[in-house]
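Report on the following structure.
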Amino acid sequence: MAGSPCTFWSIAKYKREVDKNGMGWKLFMRFVEAIKQIRPQYFLYENVASMPNNIRDYISEELGCEPVLINSALVSAQNRKRLYWTNICSGNGIMQPNDRGVLLKDILESGMPYQDKSHCITASYNGAVLWNSLERKQRSMIAEFVTEERGAALRTREDSSGKFKRLEVRHDCKLNTLTTVQTDSVICAPVRLGSIGTGGQGNRIYSVRGKTVSLMANGGGGGAKTGLYKIDLPDGDYYIRKLTPTEAERCQTLPDHYTAFGVDDAGNVINISNTQRYKTIGNGWTVDVIAHILNHLN
């Protein structure tokens, strides 16, 4: 069983590889070499469904079978389309799982979603900001109801796409430590859709219920690049948060807290950081999809 890194072929990658000359193909061929050496009775290979068609054909030629496309949305609260190549089932091949009707709202610890299913959980989910979810259809976020003003800080963060500003709200109704930097301790008064914008495009969010527009301080004025979004939420005040690691685990049909602990080289149980938990979850498989495929074994 294998799933070589999909980042080389994913449609989300700028200048993705489209032939056999890249690292993506070299890593896939390690799996082919393993099959030739081990000669297993069965094999299973997985990769992203958005890969170039010619890469898909090359893989099918090497493995001697066509893939089946399964969307994890059938068994979980996450949209995750993946291709699975396997010789487990001949004849009619792997059947699609039954749709369990699991929605994002069903797996939340608190708050409410503004979409039925989560976007695909990726290894970079730790850096989620609202415009990712609304504009790029990735890194889903959750609306959390608030009833009072909260302390917050406007922080500069960085991920693979570059630097961005993020409003980080406290949950204990306290202020941050006062410093010489004004944005280290600010008041976050409730707004309809919470902490929005990245300092660039996507600073305006409209409510379909006809309420006023919530604006970032640097989002107005002539010439400002704004994204106009509609989100249907009940009346009230909300801030926007990321999925918790436990909720991300549920999207992959993992047991709660499955990635919370590890074992070091000395055999000691250690806590795993949220950043590493998100990476592990995003790089993994949807467990119930794999279980469904393996259930085709005689």
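Output the qualifying pairs, or none if there are none: Cβ atoms under 6 angstrom, residues six or more apart or on different chains, first residue in segment 261-278 and without any contact (Cβ under 8 Å) to a residue 40 or more places away in the chain, second residue in a loop (DSSP other than H, G, I, E, B) and loosely packed, with under 11 Cβ neighbours inside 10 Å.
270/264
Residue by residue through segment 236-253, note down the ones that are in a loop (DSSP other than H, G, I, E, B) and under 18 Å from the mean Cα position of the chain (by Cα).
Listed by number, the residues that qualify are 243, 244, 252, 253.
Assess whether residue 59 counts as being crowded, with 17+ Cβ neighbours inside 10 Å, of a type in the set (Val, Ile, Thr) and assigned to a loop (DSSP other than H, G, I, E, B).
The answer is no for residue 59.
In segment 123-138, how many are buried (at least 22 other Cβ atoms within 10 Å of the Cβ) and at pLDDT 85 or above?
Qualifying residue count for the region: 1.
Given the criteria in contact with a strand residue (DSSP E or B) (Cβ under 7 Å, 6 or more places away or on another chain) and modelled with pLDDT of 90 or more, does residue 100 qualify?
The answer is no for residue 100.
Looking at segment 97-122, I want the residues that are in contact (Cβ under 8 Å) with a residue 40 or more places away in the chain and more than 15 Å from residue 134 (Cβ to Cβ) and have a partner that is among the basic types (Lys, Arg) and assigned to a helix (DSSP H, G or I) with Cβ atoms under 7 Å, at least 6 apart or on another chain. Which pairs are those?
107/250; 112/105
Residue by residue, here is whether (1) assigned to a loop (DSSP other than H, G, I, E, B); (2) under 24 Å from residue 96 (Cβ atoms); (3) among the hydrophobic types (A, V, I, L, M, F, W, C) holds:
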site	(1), (2), (3)
255	yes, no, no
278	no, no, no
281	no, yes, yes
290	no, yes, yes
296	yes, yes, no
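Tally time: how many residues in segment 8-44 are part of a loop (DSSP other than H, G, I, E, B), in contact with a helix residue (DSSP H, G or I) (Cβ under 8 Å, 6 or more places away or on another chain) and of a type in the set (Val, Ile, Thr)?
Here the count works out to 1.
The values are calculated or read from the model by the stated rules, or taken from the named source; none is laboratory data. Remember, predicted model here, so these are calculated numbers, not experimental data. All Cβ positions, glycine included, derive from the backbone under ideal geometry; neighbour counts span all protein chains shown.
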